Structure formats: structure tokens, C-alpha cells
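Quick notes on the structure that follows.
The values are calculated or read from the model by the stated rules, or taken from the named source; none is laboratory data. Remember, it's a predicted structure, so these values are computed and weren't measured experimentally. Here Cβ is always computed from backbone atoms with ideal geometry, including for glycine, and neighbour counts include all displayed protein chains. The accessibility values were calculated without ligands, DNA or RNA, using every heavy atom of the protein model including side chains. Shrake-Rupley method; radii C 1.70, N 1.55, O 1.52, S 1.80 Å.
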Amino acid sequence: MQMLRISNERRARLRADGLLAINAKSQEVLHGLTFEESQFLIDFGEETPGDTPMPERLAEFALRHEQARLRIAMADDESSADEEHRLRTATRF
């Protein structure tokens, strides 16, 4: 498996926050990004202060990652709501 170049502490935080995935090529990635894009985003974030303007490419990667993360969160919420509905319906009978 190809792992991103990050500290174990940062990897643990990203995993705990549900931001990492393993793609079809067995590469560790940020959701919605390729391995190279993920590494670029991580590297840039570690080297640049938060108030520095983001280059267009970085902004694109950050947006795609956030959109993928939100899609996953919404799907998880819908799945939880469906499960709650099934449980409530099943207990009525």
C-alpha cells in the first residue's frame, strides 16, 4: 500500500475525522482526490500559513475533497435515518 507522507499523529487525526480512504490502487488518499493531489494538498497545508492566498490548483483540490466529504456525510446521515425508520416501523408490529 502506498501511504501519504505524513506523521503518524496527523494520519491518526485524519482517520479519526474520516478524511482518509484507500483507493482502488491501494493508495492512501484524501476523499475525492488522487494520491498525488492528496499529497500536494497535505504538503501545501503544512508549509503555508492559513492566511496566505491559495493557488487555484490548491483551491480546486480542497473544494473537491470537501465536496466528497460532504457527500459521504450526507449518505451516512441518510443511511442512519433509513435505519431509524426501519427500526421504528418494525417495533410497531
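Of note:
- In the range 42-93, the residue that is modelled with the lowest pLDDT out of those that are part of a helix (DSSP H, G or I) and of a type in the set (Lys, Arg) is 86.
- Residue pairs whose Cβ atoms lie under 7 Å apart, sitting 6 or more positions apart in sequence or on different chains, and linking a residue in the range 13-31 that is on the phi > 0 side of the Ramachandran plot to a partner that is open to solvent by less than 90 Å² (accessible area, probe 1.4 Å), are 26/2.
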